[in-house]
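This report refers to the structure that appears directly beneath it.
Computed from the coordinates by the stated procedures, all read-outs in this text should not be read as laboratory data. These figures come from a predicted structure and were not determined experimentally. Neighbour counts run over all protein chains shown; Cβ positions are idealised from the backbone, glycine included.
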Ligand SMILES: Nc1ncnc2c1ncn2[C@@H]1O[C@H](COP(=O)(O)OP(=O)(O)OP(=O)(O)O)[C@@H](O)[C@H]1O
């Protein structure tokens, strides 16, 4: 559904038009029918990529195909629904009036338009009293829901969402996750960026991780996390003073009885240390690394 190959983008800023490389050689492929999470550090290039996919920015080099078409063609936009990171709308309208405006732009009218609006608002759990209030009175979370609701009005095959969960409370995040899953069950391909990695882990079929304008990992969550170094959590029966610990071992929070060993070598040293000190071990847990662990590792690697 989306093909990106060797994509490059440099911004030119300031009076001297100094170049600032945002993307260098980015490639990934989003198969039809998947939920695809796009994650990375601040300033990594997520919004730049999304703006290039939606035709809001022009690439310097590389290839982009969206539903088989160039992103600046009218054809690609026929297949696309898009919600930006900070949706901005004419704020004298109410949410419902805004939906009517965007619905009519997609060629909807009359009863079909009203039914489509009700469907979109209900999916986002936004069919509430506030939808008839002016947008200028909306909270960030309400605006986020309206932004996503307008993006699905045309029932697009492909939905591109820039940070759809940002600014939402836990209930709002759950509503958006469920809306994405429900749309996907109906065949919609969803490409979205997010900093909320636990949400990404829960709903994405595939993930691309971008750091410093380069894709550093791509695959299913299992592919990505199974190659990362696993941690071991060891619970001991008595407190241990931190100054005595072997390298690679740190305390879990403030509990001096649960210790994190960052790899198998640190685990072996810690177990040896416990045996020598006569400390009994209560439990050893092998922790599967999370996307957050992998991203933190990749950011640290890029910085060195
Ligand atoms: N209009 C612009 N002019 C100049 N530089 C820009 C512009 N937009 C983005 N950049 C730079 O390009 C890089 C990528 O920015 P981008 O907004 O794509 O990152 P991001 O991954 O979306 O970040 P965040 O998670 O913080 O939203 C950053 O270094 C940023 O400073």
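From the alpha carbon centroid of the range 67-145 to that of the range 235-304 is 49 Å. DSSP bridge analysis restricted to the chain gives an antiparallel fraction near 65%, rounded to the nearest 5.
Computed over the range 2-226, the quotient of the alpha carbon radius of gyration and 2.2 N^0.38 Å is 1.02. Taking other Cβ atoms within 10 Å as a rough exposure proxy, 274, 106, 261 sort from fewest to most as 106, 274, 261.
Classify the range 90-208 from the C-alpha gyration tensor, please: rounded if a/c falls under 1.5, else prolate or oblate depending on whether a/b exceeds b/c. Cα axes put the range 90-208 in the oblate bin. Between the Cα long axis of helix 140-152 and the first principal axis of the chain there is an angle of about 60°, rounded to the nearest 10. Between helix 95-105 and the chain there is an angle of about 60 degrees, using the helix long axis and the longest principal axis of the Cα atoms.
Full extension of the segment from residue 17 to residue 250, taken as 0.36 nm per residue of separation minus the current Cα-Cα distance, would add 79.2 nm. Compared with the dominant Cα axis of the chain, that is its longest principal axis, helix 170-185 is turned about 70°.
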